[in-house]
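Participant: Quick one: structure below, then a few questions.
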Amino acid sequence: MRRVIFEPDMLTGKLREDWDKLVASAERAKTSLAEDRRDGRKHNWRAKVWKGFKQFLFDHVFFGMCAYCEGAVEAVYVGDAEHYRPKGEVTQRDNHGREVVIRSPDGSPHPGYYWLAYDWRNVLPSCYKCNTYRGKGTQFPAVRHAFSPLDAGDPDDLDKFEGPFLLQPFREGYDPRRFFVFDDLGGIEARGDNIEADVSIKVYDLKRGALRDRRLDAYTLAWNIFREARERAIRNGESLADLMKDYKEGRKPHSAAVLLYIGRMIVAEEQANAQAIGWHLSDPSSDSRD
């Protein structure tokens with residue numbers, strides 16, 4: 001799961017026009033929702049709104065990758081418009097691993113984060129397995145839960161109020177290096193005893209076998225691309241600045257894990273090269289100028 005910074009105000013041209021249309025549609029839906037709740041009517045969800053946000057984010061922000069596992073989605077599937085905070089039922093697992101419904105202080109089921117149903121900041125493009133199949137579903141584990149917009153209406157305010165355990169790419173300050181450890185075989189673990197990383201791995205089912213295999217395939221491909229391009233650049237005197245640009249921008253599957261893997265491989269390679277000629281990288285006396 002990579003960190004994603006998306007600022008709609010920076011969009012220009014056709015992209016800005018398309019985005020403004022999506023936002024206008026969302027605002028109309030929000031108005032309709034508010035009127036229905038005020039008058040006691042059942043609201044008919046306008047799925048077209050969040051599906052529109054999902055497709056825009058897939059096309060221009062996540063580049064066809066699942067926001068959670070970073071697997072390629074759109075080559076075989078249209079992907080889900082996943083509500084980070086569920087718009088309907090809200091659940092979390094108890095100490096025995098059972099999924100239970102979150103209840104309000106009066107005992108009634110959580111009404112869902114209905115006020116965020118049409119907020120793009122609460123919509124993430126995801127694959128079926130992270131969202132539904134043994135994945136997140138309606139789970140939203142947190143220290144405590146807001147039950148209405150009066151508790152906290154804005155996603156950032158909600159994060160402060162609730163203390164959610166689930167990590168997500170839009171969260172300010174999120175950095176995969178602080179939370180996850182990816183091993184050389186495609187596995188993933190929480191860094192240290194980080195509870196947010198541990199819960200996120202379990203809820204999104206990030207340890208599933210097929211996903212581990214895909215990460216390992218991505219490592220092999222990326223390392224081969226890196227080595228070949230690096231050798232060409234050295235021979236031709238070219239810059240390496242943009243060598244891993246597609247991975248840095250998240251345009252390739254499993255970018256966060258791949259970049260960490262490449263970094264480890266470079267360090268290991270440097271150490272092996274130094275040992276081969278009898279240098280110690282941390283010892284200034286090994287400098288060739290001596």
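The values are calculated or read from the model by the stated rules, or taken from the named source; none is laboratory data. Everything numeric in this text was worked out from a predicted model, so none of it was measured. Note that each Cβ is placed from the backbone with ideal geometry, even for glycine, and that neighbours are counted across all protein chains shown. What goes into the accessible areas is simple: the full protein's heavy atoms, side chains included, and nothing from ligands, DNA or RNA. Shrake-Rupley method; radii C 1.70, N 1.55, O 1.52, S 1.80 Å.
Participant: Condition check: outside any helix (DSSP H, G or I), closer than 22 Å to PHE140 by Cβ and among the hydrophobic types (A, V, I, L, M, F, W, C). Does LEU243 satisfy that?
Facilitator: no
Participant: Among the residues of region 34-54, which ones are surrounded by fewer than 19 Cβ atoms within 10 Å (Cβ to Cβ), under 28 Å from the mean Cα position of the chain (by Cα) and touching a residue at least 60 places away in the same chain (Cβ under 8 Å)?
Facilitator: If the condition is that a residue be surrounded by fewer than 19 Cβ atoms within 10 Å (Cβ to Cβ), under 28 Å from the mean Cα position of the chain (by Cα) and touching a residue at least 60 places away in the same chain (Cβ under 8 Å), then TRP45, ARG46 are the ones that fit.
Participant: Right, next: Is it true that ARG93 is of a type in the set (D, E, K, R), within 19 Å of LEU167 (Cβ to Cβ) and open to solvent by 10 Å² or more (accessible area, probe 1.4 Å)?
Facilitator: yes
Participant: Can you report the number of residues in region 101-153 which are assigned to a loop (DSSP other than H, G, I, E, B), in contact with a helix residue (DSSP H, G or I) (Cβ under 9 Å, 6 or more places away or on another chain) and of a type in the set (Val, Ile, Thr)?
Facilitator: Count: 1.
Participant: Need pairs with beta-carbon distance below 9 Å; first residue among the hydroxyl-bearing types (Ser, Thr, Tyr) and within region 1-28, second open to solvent by less than 40 Å² (accessible area, probe 1.4 Å); sequence gap 6+ or separate chains.
Facilitator: Short answer, once both residue conditions are applied: SER25/VAL49; SER25/GLY52; SER25/TYR118.
Participant: Also, I was wondering about something else. Counting only residues that are at pLDDT 95 or above and assigned to a loop (DSSP other than H, G, I, E, B), how many does region 74-86 have?
Facilitator: Of the residues in that region, 3 qualify.
Participant: What is the residue count in region 99-120 for residues that are within 25 Å of the chain's Cα centre (by Cα) and either among the aliphatic types (A, V, I, L, M) or surrounded by fewer than 16 Cβ atoms within 10 Å (Cβ to Cβ) (or both)?
Facilitator: Qualifying residue count, region 99-120: 6.
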